[in-house]
Structure formats: structure tokens, C-alpha cells
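Note sheet for the following structure.
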């Protein structure tokens, strides 16, 4: 079929609880570690983030994803019954079985859809968009929900000062539909890659089929995030810059042709280093990291949604989405809104 794919709706959702840097400092002090607002701000650009209250069913991963999905559907003028496919990107699902995608399907009543989870960590939303575009072009799906959602505070290692300061919980969602192949408002191209040789830069060793969470493993915090921050910084800057350029070159564009650059919100230093490499002025960069922290698969769709709803992103704007994540996974999507 001679069609392309377009994002027609975008939405986001967050837990209520705001966790400030002072709150983080008080928390890690319980484990004999020290930090403060200045130390965190200087190294990350984050001043606060949101953490889900898991005693509240409305703040589970699938619940946040459902809230974001309903907002995206409303913007697209679609009902849940019209959704025929759900792609749910997360590395912190409610349960190992069933998938968050199936739980979201139940929550919003998309009874005709087939649903699946994907795990590409922080790159998950872009992987979801690329996957959705292929189903649209094949003609097998017409209305696809792509969700990027995390309740990542559940895997934080509070004994690791360099990683526990970074993460927050959130969900973002997009509705993807077919348009005529030459429609200007479409996904222009996507570019994805993985490098499994760097798997150990960001991992959770226990909890899968190779390592059961025994009391001993629990005490060692091997069921929590284990990160090599310095190495990740270098790889992140290189891959984000490389794939931003790859997307632009594939479409015969330059940074001057881009209205908004929406990078993965991992760390302000990383974003600034990438922007310098690709000569992107800070005025073109959408950032919500300062208020929500690193929300993994949710960072790009939540910043995207915020830009649309506050009027910064306008119809016809060219957006460059750029991500990297554990795996390692990375890639970019160029689209016209």
C-alpha cells in the first residue's frame, strides 16, 4: 500500500508525588550517603521528579499508560474501540505476565486490538514508532497506540548516589495512523541500531530467568539498576549526535531545517554536549528533565506532548527525536507534525 504513517495524537501522565533533590538527599542519608540540591543540579540539571505511590492503583505503570493513551486518543479524535494495535514500550512493567499492553487494553476497552510489550529501555518509544510505521505501511493496522511508560523508582538502587538521583516515573502515548504517502505531515524516516556488546553499561542482573532474587541477591541489590555512568555518558553523546545527523542526512536536511530537537532526557550535560556537536541552538531543544527527571521510555513522548499542548510545537513543524538506552539501544525519528 502506498501510504505513510503520521502521529495524530499525543498524551502524557504523571504521578502526583513530587520528589525534590532535598527529598533525595534525605533518602540516601539513611544509607550513609551525602548529597544536596546543588550537587545534583550541577551534574544532572534535575531539580525534581515524580514517583508513583504503588499503593494507588491509578499510579501503576499500566494505569499511567492508560491515562496518557486516552489523552492521545482524544487529541486524535479516536475512540478506544477504533484502536487495532497497541505497542507498549517499558522496562518496568506491572508484572512479568501479563504484559502492560494487555492491561492497558483492558483498562481503556480497546477490545479489537492486539497488544504487545517491547523492551528497548530509554529508546523504547522510538522503537515503538518505527514498529508502528511498518504495520501501517503493510496495511495490517490503521490505528496504533504507541506508549512509553515507566515506574522506574521501583528499580532504583538507593545505595548508588550516581544513579538514584536521576529517575522519575511517567507515561507518554501517541496515536499513529496512515496518511497518503506524499502527505507532508508524516514520519519522514527512522533509524535504529543496537549494540549488545555494551550490555553491561546499564543492567539489572537479577530478576530474570538466569538469576533468581534470593535473600542474598536482594541484600546485594542485584535486582536494582547497576550503571557505569562515565562510560554511558561518552557512548550517549556519541550515539545521539551520530543518529541525529543520520536522520538529517537521510532527508537532505540540516539542523536549520529542524524546528524542535527532542532528545532523550537523561542528563542535561549529555543534551548540551550533543547539541554542541550537531550545532543545535538551545532555543530549539525541548527539555522537561528539570521537572520530571529521566523517565526512560517516557521522556520523549512527554516532552513532545508538553510542546504540543503549550503551543510551542505547531502544525508543520519538523521534529527530530533522538534516544539511547540500555542494551545498548539507540536511534532517531524525523517527522513533520
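No lab work stands behind these numbers, since they all come straight from the coordinates. Everything numeric here is computed off the predicted structure, so don't read it as measured data. Neighbour counts are summed over all protein chains in view; Cβ atoms, including those assigned to glycine, are modelled from backbone coordinates with ideal geometry.
Which residue fluctuates the most in the chain, going by a Gaussian network model with Cα springs under 10 Å, if the choices are 52, 209, 63?
Taking springs between Cα atoms under 10 Å, the residue moving most is 209.
Helix 268-278 sits at what angle to the longest principal axis of the chain, using alpha carbons and giving 0 to 90 degrees rounded to 10?
40
Quick check on the chain: what does the Kirkwood estimate of hydrodynamic radius come out to from the alpha carbon pairs, in Å? Before the final figure, lay out each step's value.
Values: mean 1/r = 0.0503 Å⁻¹.
Hydrodynamic radius (Kirkwood, Cα only) of the chain equals 19.9 Å.
Quick one: length gained pulling residue 199 to residue 234 fully straight, 0.36 nm per residue minus the C-alpha distance? Numbers along the way, then the final one.
Working: separation 35, 0.36 × 35 = 12.60 nm, distance 1.48 nm.
The span from residue 199 to residue 234 would gain 11.1 nm if fully extended.
Using 0.36 nm per residue, how much length does the chain from residue 259 to residue 181 gain when fully extended, once their Cα-Cα distance is taken away?
Taking 0.36 nm per residue and subtracting the Cα distance, the gain is 25.9 nm.
Distance from the Cα centre of the stretch 259-278 to that of the stretch 111-183, in angstrom?
20
Treating the stretch 78-197 as a set of equal point scatterers at the Cα positions, no solvent, please give the Debye-formula log₁₀ I(q)/I(0) at q = 0.13, 0.17, 0.22 Å⁻¹.
The Debye formula, applied to the Cα set alone, gives -0.57, -0.89, -1.27.
Going by how many other beta carbons lie within 10 Å of each one, how would you line up 239, 111, 210, fewest first?
Values: 239 23, 111 10, 210 7.
With the fewest neighbours first, 239, 111, 210 line up as 210, 111, 239.
Against the longest principal axis of the chain, how steep is helix 124-138, in degrees 0 to 90 to the nearest 10, with axes from Cα atoms?
20
What residues from the stretch 7-44 fall in the zone where the backbone N is under 18 Å from a label point 7 Å along the Cα-to-C-beta line of residue 58?
Under 18 Å, as judged by backbone N against the label point of residue 58, lie 12-19 of the stretch 7-44.
Could you line up 159, 315 from fewest to most neighbouring Cβ atoms inside 10 Å?
315, 159
Can you work out D for the stretch 187-336 in µm² s⁻¹ from Stokes-Einstein, where Rh is the Kirkwood radius over C-alpha pairs, the temperature is 25 °C and the viscosity is 0.890 mPa s?
Calculated translational D: 149 µm²/s.
Return the single residue from 217, 86, 24 with maximal mean-square fluctuation; model: Gaussian network over the chain, springs between Cα atoms under 10 Å.
In this elastic network of the chain, the residue with the biggest mean-square fluctuation among 217, 86, 24 is 217.
If I build a Gaussian network model for the chain, linking alpha-carbon pairs within less than 10 angstrom, which residue out of 64, 222, 166 has the largest mean-square fluctuation?
Taking springs between Cα atoms under 10 Å, the residue moving most is 222.
Would you list 324, 14, 31 from fewest to most Cβ contacts within 10 Å?
31, 14, 324
Find the eigenvalues of the gyration tensor of the Cα atoms of the stretch 276-337, then list the square roots of 5 times those eigenvalues as equivalent ellipsoid semi-axes, largest first, in whole angstrom.
Numbers: eigenvalues 74, 45, 32 Å².
Largest first, the stretch 276-337 gives 19, 15, 13 Å.
Where q = 0.22 Å⁻¹, what log10 of I(q)/I(0) comes from the Debye formula for the stretch 150-258, counting one point per Cα?
Calculated log10 I(q)/I(0) at the listed q: -1.26.
Rounded to the nearest 5, what is the percent of antiparallel bridges among the DSSP beta bridges in the stretch 187-336?
About 75 percent, rounded to the nearest 5.
Okay, helix-only estimate at 222 nm for the chain: each DSSP H run of n ≥ 4 adds -39500 (n - 2.57), divide by all residues, round to 500 deg cm²/dmol; what do you get?
Rounded to the nearest 500, it is -10000 deg cm²/dmol.
Could you give the angle, 0 to 90 degrees to the nearest 10, between helix 229-250's Cα long axis and the longest principal axis of the Cα atoms of the chain?
That helix lies at roughly 10 degrees to the long axis.
Let me know the whole percent of all Cα-Cα pairs from the stretch 3-180 that are separated by more than 21 Å.
Beyond 21 Å sits 50 percent of the P(r) for the stretch 3-180.
As a test of understanding, state the convex hull volume per residue of the stretch 1-51 from its alpha carbons, in Å³.
Numbers: hull volume 7.5 nm³, N = 51.
Measuring per residue, one finds 147 Å³ for the Cα hull of the stretch 1-51.
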